[in-house]
Amino acid sequence: MLGLVVADRHLVNRATGAVCLVLFTVVVLLGIAVRSRTRLPGLPRFGTMSLHRTLSLSATAFLALHITTAVVDGYVDITVVDALVPFVGDYQPLWLGLGTVALDLMLAVLVTSLLRERLGHRTWRTVHRLAYASWPVALVHGIGIGTDTGADWMTWLTVACVAAAVAAFAARLAHAARAGRRTPAALLRTAEGARP
């Protein structure tokens, strides 16, 4: 019976890791959509923002479950300190440490989001950009430490998440370039307005 409970915790840990990958990928995609002022079909702009916040909280809950099961799982020896302080654990310190770095970045984003009104928009936005850094760090953590990394389904899931994130970042960069580009007519009007 004890072996079944331990196996169940290990399966929960693996499953929550995969769910975190998907949820945080969708959160990043929605964050890019919000930043680009992109509306999702059938949703007003505030709906996209609301969905981004809701899924962020859901992803954070799955992350908490993932970390909790990793700590209580008898499969490997991971302590609470290992989960919070990067690169101090005995079990695969590099890969576990990367997961800890991603967690710490996400905690900074979460705390500043909760204190957004007190911090001001500029400070919140600067810290919130850490979410973009935490996603690839967490991805590398999962690839390095994940026990399902070699499985076909996990490979395809990872490839799909990476492809979606890369496409969204490329679209965001293209949108930013278009927004920053000035048309010849706008340049002419500016030049004419600058004449004495």
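Tabulated values for the structure
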{"read-out": "Candidate values [x] 1.27; [y] 1.05; [z] 1.09, label of the one derived for Cα Rg over 2.2 N^0.38 Å", "value": "[x]"}
{"read-out": "Radius 9 Å from Cβ of GLY89, net charge of other residues (Lys, Arg +1; Asp, Glu -1)", "value": "-3"}
{"read-out": "Chymotrypsin sites (Phe, Trp or Tyr not before Pro) restricted to segment 87-161 and DSSP loop, no more than 14 other C-beta within 10 Å", "value": "PHE87, TYR91"}
{"read-out": "Net length gained if the chain between PHE87 and ARG118 were fully extended (0.36 nm per residue, minus Cα distance)", "value": "7.9 nm"}
{"read-out": "Charge tally in the Cβ shell below 15 Å around THR112, where Lys, Arg are +1 and Asp, Glu are -1, THR112 excluded", "value": "+4"}
{"read-out": "Long-range HN-HN contacts of ALA151 with modeled amide H, under 5 Å", "value": "none"}
{"read-out": "Net charge dipole size for the chain [Lys, Arg +1 and Asp, Glu -1 on Cβ; Debye, nearest 20]", "value": "1760 debye"}
{"read-out": "Segment 1-114: translational diffusion in µm²/s, Stokes-Einstein, Kirkwood Rh over Cα pairs, 10 °C, 1.306 mPa s", "value": "103 µm²/s"}
{"read-out": "Rel. contact order, % - alpha carbon contacts under 8 angstrom, at least six apart, segment 95-137", "value": "55 percent"}
{"read-out": "Qualifying trypsin sites (Lys or Arg not before Pro) for segment 1-97 [loop in DSSP, other Cβ within 10 Å: at most 11]", "value": "ARG37"}
{"read-out": "Of all accessible heavy-atom area on segment 35-188, the percent that carbon and sulfur account for (1.4 Å)", "value": "70 percent"}
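The values are calculated or read from the model by the stated rules, or taken from the named source; none is laboratory data. Source: prediction; values computed, not measured. Here the Cβ is made from the backbone with ideal geometry for all residues, glycine too, and neighbour counts use every protein chain on show. These accessible areas exclude ligands, DNA and RNA; they are computed on the full protein's heavy atoms, side chains included. Shrake-Rupley method; radii C 1.70, N 1.55, O 1.52, S 1.80 Å.
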